[in-house]
Amino acid sequence: MLNQEPSLDRVFQALADPTRRAMVERLTRGPASVSELAKPLPMSLPAVVQHLQVLEAGGLVRSEKVGRVRTCRIEPIALRAAENWLGAQRTTWESRLDRLGDLLADDHKNKD
């Protein structure tokens, strides 16, 4: 069976670039055409398209062409996968830091 969940490596690779993060941020407010996404960016339209291809490969963005206009939409499943992974990491590290704090507190009590 084909895994439908996006690869976390590709998601984080796509989000590693500030231009792509800006595009994702814009798309969280609703669909946008490629030209709308390109308008505030200091780069050529082909460069914007390359960034969008990375976002699509990471599963973060989906686009469709109607007539001459390509419209992009956010793909929440990929963002949810990254959020779930980060949440699990946070829980693990908070637990480890709590245990370390307890050990340090016990050590401090034993020295007194």
The value for the chain (convex hull of the alpha-carbon atoms, volume per residue, Å³) is 147
The answer for trypsin sites (Lys or Arg not before Pro) in region 1-104 that fall in a DSSP coil and have at most 13 neighbouring Cβ atoms within 10 Å is 29, 68
Largest-first ranking of 48, 69 by accessible area, probe 1.4 Å, whole protein assembly kept, is 69, 48
Rounded to the nearest Å, the spacing of the alpha-carbon centers of region 14-39 and region 54-111 is 19
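So what's the net charge close to residue 54: Lys and Arg +1, Asp and Glu -1, counting the other residues with Cβ under 14 Å from its Cβ?
Values: positive: 10, 20, 21, 62; negative: 9, 17, 56, 75.
Summing Lys/Arg as +1 and Asp/Glu as -1 gives 0.
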In this structure, the FRET efficiency calculated for residue 29 and residue 7 from their beta-carbon separation, with R0 = 35 Å, to the nearest 0.05, is 0.85
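Between residue 39 and residue 95, what length comes free when the chain is fully extended (0.36 nm per residue of separation minus the Cα-Cα distance, one decimal in nm)? Mind showing how you got there, number by number?
On the way: separation 56, 0.36 × 56 = 20.16 nm, distance 4.46 nm.
Taking 0.36 nm per residue and subtracting the Cα distance, the gain is 15.7 nm.
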With label points set 7 Å from each Cα along the Cα-to-Cβ direction at residue 85 and residue 69, the distance between them in nm comes to 3.4
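The values are calculated or read from the model by the stated rules, or taken from the named source; none is laboratory data. What you see is a predicted model; the values in this text were computed from it and never measured. Note that each Cβ is placed from the backbone with ideal geometry, even for glycine, and that neighbours are counted across all protein chains shown. We work out accessible area using only protein heavy atoms, side chains counted, and drop any ligands, DNA or RNA first. Shrake-Rupley method; radii C 1.70, N 1.55, O 1.52, S 1.80 Å.
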